[in-house]
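Some notes on the structure that comes next.
The values are calculated or read from the model by the stated rules, or taken from the named source; none is laboratory data. Because the structure is a prediction, the values reported are computed rather than measured. Heads up, the Cβs are rebuilt from the backbone with ideal geometry, glycines too, and the neighbour counts pull from every protein chain shown. Remember, those area values only see protein heavy atoms, side chains included, never the ligands or the DNA or RNA. Shrake-Rupley method; radii C 1.70, N 1.55, O 1.52, S 1.80 Å.
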Amino acid sequence: MNIFSLRTAAWLGATVIAAGLLGSAGCSSSSSSSPQASASPKTFTVKQIVLGETLKHSFQPNGTGAMQTEHLVQPDDIVALGGHLYVGFQNNVGSQGEVAGSGNLDSTLVEFTTTGSVVKQWNVKGKIDGMGADPATGRVFVTVNEDSNSSLYVESGGTITHYTYTQSPLPHKGGTDAVSVYNGKILVSASAPGTSGTAPKDAPAVYVVTLNAAAKTAAVAPFFAINATATAANGTNASKTVTLALTDPDSNMVMPSGSPKFAGDFMLNSQGDLQLIFSGASGQNLQVLKLSQAVDDSAVATSASGTLYATDSSGDAVDAITGPFKPGTVYTAIAPCNSNSAPATCPNPPAWPVNSLGTINLTTGAVTTTYHGPITPKGMVFVP
């Protein structure tokens, strides 16, 4: 086990107790009057299981010449499959596949054990931003270039295959992001609409993707649109029909059967808009939940004793967080700088802090910080 640090933090408490090489740090709560804070606090234990500076990949600068080697940086999305973790390291590649300062054009997908040991890794051209896993078929899906010039990779049985979209540019004139497999459909977020041209008013917010293994192509069809109608789940328009105006389709997931609300639904996070959109299998009868803060990836605890794995892009690390958890709780990476109203220079504390670990109230949309500590979560997956 490669554990580089061990931190135990009071959940909704006031201190962090650090072991190993770490000193003490402050941990405060946005709800200090909580009964959990005044009683004997529950704790999260955080273990850093992966550190990017211990991992390397080789690349050809600008795709030509002699191979060079550099450390892996910017872990972003993370999924779990078959008892292993898969993490995408972006390696400073641009959001449309632009070359990094080192001349690198490749992200790196790494398969880990749950204790952080490397099983295998693959370089893929472009910037990994969205991922998904399908236990039914044993496949891991990876999208690259979330703003434009996007394509899709599929890992299966240790082999990775590149698929190009049959339409270029894509109908929404943007890129692609997170992937979920929902009732057998491959659903992909249609991110950054309008990047490569004017997006239609009814541009897809989510695509249904069909793969052609022989041709290595991926065809897209709309699941629902950025201007679809939905029922407001909270706020002044609660229970009323509203028209969406999504500008930032980003992460997505399928809500587990044990979720207290929206159980079994597909969920899209329109990140900059501070909205979660929930859908059934047809892509119709949508519901929209307005959030109090912008969030990145989320994960629902399905057991009290599982592990929440989170990427820490600013620390080039992957952390394993253990509870106890409350089953049904939606944990999330609070991401103030991903709001459409964020300033050009961000983070800029205290008004615009770095990412933190929080929870989402599925009834009110309230996003609450539950852990202040030396992690800045981004991608997230819960393993029971």
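Quick notes on this one:
- First in region 269-287 and free of Cβ contacts under 8 Å to residues at least 60 places away in the same chain and farther than 15 Å from SER180 by Cβ, second anywhere and of a type in the set (Lys, Arg) and in a strand (DSSP E or B), Cβ under 7 Å, 6 or more apart: GLN275/LYS290
- The single residue among VAL119, VAL99 that is in a strand (DSSP E or B) and surrounded by fewer than 23 Cβ atoms within 10 Å (Cβ to Cβ) turns out to be VAL119.
- Residue within region 202-209 that is within 22 Å of the chain's Cα centre (by Cα) and within 22 Å of ILE360 (Cβ to Cβ) present: yes
- Only one of SER156, SER151 that is among the hydroxyl-bearing types (Ser, Thr, Tyr) and under 24 Å from PHE382 (Cα atoms): SER156
- Among the residues of region 73-94, the one identified as within 28 Å of VAL300 (Cβ to Cβ), part of a loop (DSSP other than H, G, I, E, B) and open to solvent by less than 30 Å² (accessible area, probe 1.4 Å) is GLN90.
- From the list ASP129, ASP106, ASP134, the lone residue that is among the acidic types (Asp, Glu), touching a Phe, Trp or Tyr at 6+ places or on another chain (Cβ under 8 Å), modelled with pLDDT of 95 or more and within 30 Å of THR322 (Cα to Cα) is ASP134.
- The residues listed here are PRO324, PRO256, PRO260; of these, the one that is in contact with a Ser or Thr (Cβ under 6 Å, 6 or more places away or on another chain), surrounded by fewer than 23 Cβ atoms within 10 Å (Cβ to Cβ) and assigned to a loop (DSSP other than H, G, I, E, B) is PRO256.
- Qualifying residue in region 333-341 (condition: within 30 Å of PRO222 (Cα to Cα), among the β-branched types (Val, Ile, Thr) and part of a strand (DSSP E or B)): yes
- Residue under evaluation ILE277, criteria (1) over 21 Å from ALA205 (Cα atoms); (2) in a strand (DSSP E or B), criterion not met: (1)
- Per-region count, region 157-184, residues of a type outside the set (Asp, Glu) and open to solvent by less than 50 Å² (accessible area, probe 1.4 Å): 16
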